[in-house]
1. From the list ASN100, ASN148, pick out the single residue that is within 30 Å of THR23 (Cα to Cα) and open to solvent by 60 Å² or more (accessible area, probe 1.4 Å).
2. Could you count how many residues in the stretch 18-35 are among the polar types (S, T, N, Q) and assigned to a helix (DSSP H, G or I)?
3. Kindly provide the set of residues from the stretch 130-144 that are farther than 15 Å from VAL108 by Cβ, of a type in the set (A, V, I, L, M) and open to solvent by 10 Å² or more (accessible area, probe 1.4 Å), ordered by number.
4. I need the full set of residues from the stretch 152-177 which are over 25 Å from TYR115 (Cβ atoms) and out of contact with any strand residue (DSSP E or B) (no Cβ under 6 Å at 6 or more places or on another chain), in order please.
5. Here are PRO179, PRO156, PRO165: which of them is of a type outside the set (S, T, N, Q), open to solvent by less than 60 Å² (accessible area, probe 1.4 Å) and more than 23 Å from ALA122 (Cβ to Cβ)?
6. Where in the stretch 100-204 are there helices (runs of 4 or more DSSP H), lying wholly inside it, with at least 3 residues that are hydroxyl-bearing (Ser, Thr, Tyr)?
7. Out of ARG143, ARG110, ARG197, ARG118, I need the residue that is farther than 23 Å from GLU66 by Cα and among the basic types (Lys, Arg). Which one?
8. Criterion first (open to solvent by less than 30 Å² (accessible area, probe 1.4 Å), in contact with a Phe, Trp or Tyr (Cβ under 9 Å, 6 or more places away or on another chain), at pLDDT 95 or above and not in a helix (DSSP H, G or I)) does LEU56 satisfy it?
Amino acid sequence: MLRIYGMLDSGNCYKPRLLMALTGRPFAHVEVSTRDGSTRTETFLGRNPIGQCPLLELEDGRFLAESGAILNYLGEGTDYVPQDPFDRARMLQWMFFEQNQHEPAIAVRRAMSVYPERKAAATAERLQTTLERGNAVLAVMDRQLSDNRFFIGDRPSLADIALYPYTKDAPEGGFDLAPFGNVSAWLERVESLPGYRPKDWMPA
(Lines give C-alpha, C1' and ligand atoms only; values in the text may rest on other atoms or scores of the structure.)
Protein backbone atom coordinates (compact mmCIF):
# COMPACT_ATOMS: atom_id res chain seq x y z
CA MET A 1 0.00 0.00 0.00
CA LEU A 2 1.13 3.55 -0.68
CA ARG A 3 2.28 5.50 2.37
CA ILE A 4 2.30 9.28 2.71
CA TYR A 5 4.49 10.71 5.45
CA GLY A 6 3.27 14.12 6.51
CA MET A 7 1.96 16.59 9.07
CA LEU A 8 -1.82 16.88 9.39
CA ASP A 9 -1.52 20.64 9.84
CA SER A 10 0.62 21.19 6.73
CA GLY A 11 -1.01 22.44 3.54
CA ASN A 12 1.71 20.83 1.42
CA CYS A 13 1.09 17.49 3.12
CA TYR A 14 -2.67 17.87 2.70
CA LYS A 15 -2.38 18.13 -1.10
CA PRO A 16 -1.61 14.44 -1.79
CA ARG A 17 -4.09 13.29 0.88
CA LEU A 18 -6.79 15.36 -0.78
CA LEU A 19 -5.99 13.94 -4.21
CA MET A 20 -6.12 10.40 -2.82
CA ALA A 21 -9.50 11.14 -1.21
CA LEU A 22 -10.89 12.64 -4.42
CA THR A 23 -9.73 9.70 -6.52
CA GLY A 24 -10.73 7.07 -3.95
CA ARG A 25 -7.32 5.43 -3.73
CA PRO A 26 -6.27 3.62 -0.53
CA PHE A 27 -3.16 4.74 1.32
CA ALA A 28 -1.70 4.89 4.80
CA HIS A 29 -0.90 8.16 6.53
CA VAL A 30 2.26 8.23 8.65
CA GLU A 31 2.44 11.28 10.90
CA VAL A 32 5.83 12.98 11.05
CA SER A 33 6.76 16.54 11.93
CA THR A 34 9.48 19.04 11.22
CA ARG A 35 8.83 20.39 14.72
CA ASP A 36 9.41 17.25 16.80
CA GLY A 37 12.53 16.06 15.01
CA SER A 38 10.96 13.04 13.34
CA THR A 39 11.96 14.28 9.89
CA ARG A 40 15.58 14.68 11.01
CA THR A 41 16.17 11.08 12.06
CA GLU A 42 18.73 8.98 10.21
CA THR A 43 15.98 6.80 8.82
CA PHE A 44 13.94 9.68 7.44
CA LEU A 45 16.98 11.50 6.04
CA GLY A 46 17.93 8.28 4.28
CA ARG A 47 14.59 8.49 2.49
CA ASN A 48 14.63 12.24 1.88
CA PRO A 49 17.95 14.02 2.53
CA ILE A 50 16.16 17.39 2.67
CA GLY A 51 14.32 16.24 5.78
CA GLN A 52 10.96 17.61 4.72
CA CYS A 53 7.49 16.23 4.18
CA PRO A 54 5.31 15.19 2.46
CA LEU A 55 7.13 12.07 1.39
CA LEU A 56 5.51 9.32 -0.67
CA GLU A 57 6.57 5.71 -0.24
CA LEU A 58 5.70 3.44 -3.16
CA GLU A 59 4.78 -0.23 -2.83
CA ASP A 60 8.20 -1.20 -4.19
CA GLY A 61 10.05 0.80 -1.52
CA ARG A 62 10.98 3.84 -3.61
CA PHE A 63 10.44 7.33 -2.19
CA LEU A 64 9.32 10.58 -3.79
CA ALA A 65 9.47 14.03 -2.15
CA GLU A 66 8.03 17.49 -2.97
CA SER A 67 4.27 17.98 -3.02
CA GLY A 68 4.12 18.98 -6.69
CA ALA A 69 6.10 15.93 -7.80
CA ILE A 70 3.93 13.68 -5.64
CA LEU A 71 0.74 15.20 -7.10
CA ASN A 72 2.01 14.63 -10.63
CA TYR A 73 2.87 11.02 -9.89
CA LEU A 74 -0.39 10.22 -8.12
CA GLY A 75 -2.44 12.17 -10.66
CA GLU A 76 -1.15 10.23 -13.66
CA GLY A 77 -4.06 8.60 -15.47
CA THR A 78 -6.76 10.37 -13.43
CA ASP A 79 -9.28 13.00 -14.48
CA TYR A 80 -7.22 15.56 -12.56
CA VAL A 81 -4.55 15.64 -15.30
CA PRO A 82 -5.78 16.98 -18.68
CA GLN A 83 -5.05 14.90 -21.76
CA ASP A 84 -4.39 17.94 -23.95
CA PRO A 85 -0.66 18.88 -23.79
CA PHE A 86 -1.37 22.63 -23.65
CA ASP A 87 -3.90 22.22 -20.86
CA ARG A 88 -1.39 20.07 -18.95
CA ALA A 89 1.18 22.83 -19.33
CA ARG A 90 -1.35 25.40 -18.09
CA MET A 91 -2.02 23.16 -15.09
CA LEU A 92 1.71 23.11 -14.34
CA GLN A 93 1.85 26.88 -14.81
CA TRP A 94 -0.61 27.34 -11.93
CA MET A 95 1.19 24.74 -9.82
CA PHE A 96 4.47 26.65 -10.28
CA PHE A 97 2.60 29.86 -9.45
CA GLU A 98 1.46 28.26 -6.20
CA GLN A 99 5.00 27.36 -5.15
CA ASN A 100 6.73 30.53 -6.37
CA GLN A 101 4.17 33.25 -5.61
CA HIS A 102 1.33 31.92 -3.47
CA GLU A 103 3.07 29.84 -0.81
CA PRO A 104 5.95 32.30 -0.05
CA ALA A 105 3.39 34.96 0.80
CA ILE A 106 0.19 33.35 2.07
CA ALA A 107 1.56 30.17 3.68
CA VAL A 108 4.55 31.97 5.18
CA ARG A 109 2.39 34.70 6.74
CA ARG A 110 0.08 32.06 8.18
CA ALA A 111 3.03 30.14 9.62
CA MET A 112 4.36 33.30 11.30
CA SER A 113 0.90 33.91 12.76
CA VAL A 114 0.10 30.35 13.89
CA TYR A 115 3.32 28.65 15.00
CA PRO A 116 5.06 30.01 18.12
CA GLU A 117 8.51 29.01 16.83
CA ARG A 118 7.96 31.14 13.71
CA LYS A 119 6.78 34.28 15.47
CA ALA A 120 10.33 35.55 15.97
CA ALA A 121 10.49 36.05 12.21
CA ALA A 122 7.21 37.99 12.20
CA THR A 123 8.63 41.48 12.03
CA ALA A 124 6.22 44.27 11.17
CA GLU A 125 7.97 44.75 7.85
CA ARG A 126 7.76 41.08 6.89
CA LEU A 127 4.13 40.81 7.93
CA GLN A 128 3.30 43.83 5.80
CA THR A 129 5.27 42.54 2.80
CA THR A 130 3.67 39.11 2.89
CA LEU A 131 0.23 40.68 3.33
CA GLU A 132 0.69 42.87 0.25
CA ARG A 133 2.13 40.02 -1.83
CA GLY A 134 -0.58 37.64 -0.68
CA ASN A 135 -3.37 40.04 -1.58
CA ALA A 136 -1.79 40.53 -5.01
CA VAL A 137 -1.73 36.75 -5.46
CA LEU A 138 -5.38 36.45 -4.44
CA ALA A 139 -6.26 39.19 -6.94
CA VAL A 140 -4.56 37.23 -9.75
CA MET A 141 -6.51 34.11 -8.74
CA ASP A 142 -9.76 36.06 -8.55
CA ARG A 143 -9.29 37.38 -12.10
CA GLN A 144 -8.57 33.89 -13.44
CA LEU A 145 -11.68 32.53 -11.75
CA SER A 146 -13.92 35.28 -13.08
CA ASP A 147 -14.41 33.30 -16.32
CA ASN A 148 -13.47 29.80 -15.14
CA ARG A 149 -15.04 27.45 -12.62
CA PHE A 150 -11.61 25.96 -11.95
CA PHE A 151 -8.12 27.14 -12.80
CA ILE A 152 -7.92 25.76 -16.30
CA GLY A 153 -11.59 25.67 -17.20
CA ASP A 154 -14.71 23.82 -16.17
CA ARG A 155 -13.00 20.74 -14.73
CA PRO A 156 -10.79 20.53 -11.63
CA SER A 157 -7.13 19.63 -12.08
CA LEU A 158 -4.02 19.21 -9.96
CA ALA A 159 -3.70 22.99 -10.10
CA ASP A 160 -6.83 23.36 -7.98
CA ILE A 161 -5.59 20.76 -5.50
CA ALA A 162 -2.24 22.57 -5.24
CA LEU A 163 -3.82 25.99 -4.68
CA TYR A 164 -6.66 24.96 -2.38
CA PRO A 165 -5.01 24.19 1.01
CA TYR A 166 -3.17 27.45 1.71
CA THR A 167 -5.95 29.53 0.17
CA LYS A 168 -8.45 27.86 2.49
CA ASP A 169 -6.17 28.63 5.46
CA ALA A 170 -5.37 32.20 4.37
CA PRO A 171 -7.66 33.79 7.00
CA GLU A 172 -5.48 32.18 9.69
CA GLY A 173 -2.69 34.39 8.36
CA GLY A 174 -4.79 37.52 8.55
CA PHE A 175 -6.01 37.57 4.95
CA ASP A 176 -9.56 38.74 4.26
CA LEU A 177 -11.11 36.69 1.47
CA ALA A 178 -14.28 38.80 1.34
CA PRO A 179 -12.99 41.06 -1.48
CA PHE A 180 -12.17 37.99 -3.56
CA GLY A 181 -15.62 36.61 -4.30
CA ASN A 182 -14.52 34.38 -7.16
CA VAL A 183 -11.90 32.75 -4.94
CA SER A 184 -14.47 32.14 -2.21
CA ALA A 185 -16.89 30.59 -4.70
CA TRP A 186 -14.09 28.38 -6.05
CA LEU A 187 -13.26 27.15 -2.54
CA GLU A 188 -16.88 26.04 -2.19
CA ARG A 189 -16.74 24.26 -5.55
CA VAL A 190 -13.64 22.33 -4.49
CA GLU A 191 -15.34 21.38 -1.22
CA SER A 192 -18.38 20.07 -3.13
CA LEU A 193 -16.32 17.64 -5.24
CA PRO A 194 -17.20 13.96 -4.67
CA GLY A 195 -14.76 12.44 -2.21
CA TYR A 196 -13.60 15.77 -0.74
CA ARG A 197 -12.16 15.57 2.78
CA PRO A 198 -10.94 18.43 5.03
CA LYS A 199 -7.34 18.94 6.08
CA ASP A 200 -7.63 17.06 9.38
CA TRP A 201 -8.84 13.91 7.62
CA MET A 202 -6.71 10.79 7.48
CA PRO A 203 -7.64 7.32 6.22
CA ALA A 204 -8.86 4.75 8.72
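The values are calculated or read from the model by the stated rules, or taken from the named source; none is laboratory data. Fair warning: this is a prediction, and the values are worked out from it, not measured in the lab. Cβ sites come from the backbone with ideal geometry, for glycine too, and all protein chains shown count toward neighbours. Each accessible area value is taken on the protein alone, full model and side chains, heavy atoms only, with ligands, DNA and RNA left out. Shrake-Rupley method; radii C 1.70, N 1.55, O 1.52, S 1.80 Å.
1. Going through ASN100, ASN148 in turn, the sole match is ASN100.
2. 1
3. ALA139, VAL140
4. Answer for the stretch 152-177, where residues must be over 25 Å from TYR115 (Cβ atoms) and out of contact with any strand residue (DSSP E or B) (no Cβ under 6 Å at 6 or more places or on another chain): ILE152, GLY153, ASP154, ARG155, SER157, LEU158, ALA159.
5. After ruling out the rest, the residue left standing is PRO156.
6. Result: 158-168.
7. Going through ARG143, ARG110, ARG197, ARG118 in turn, the sole match is ARG143.
8. yes
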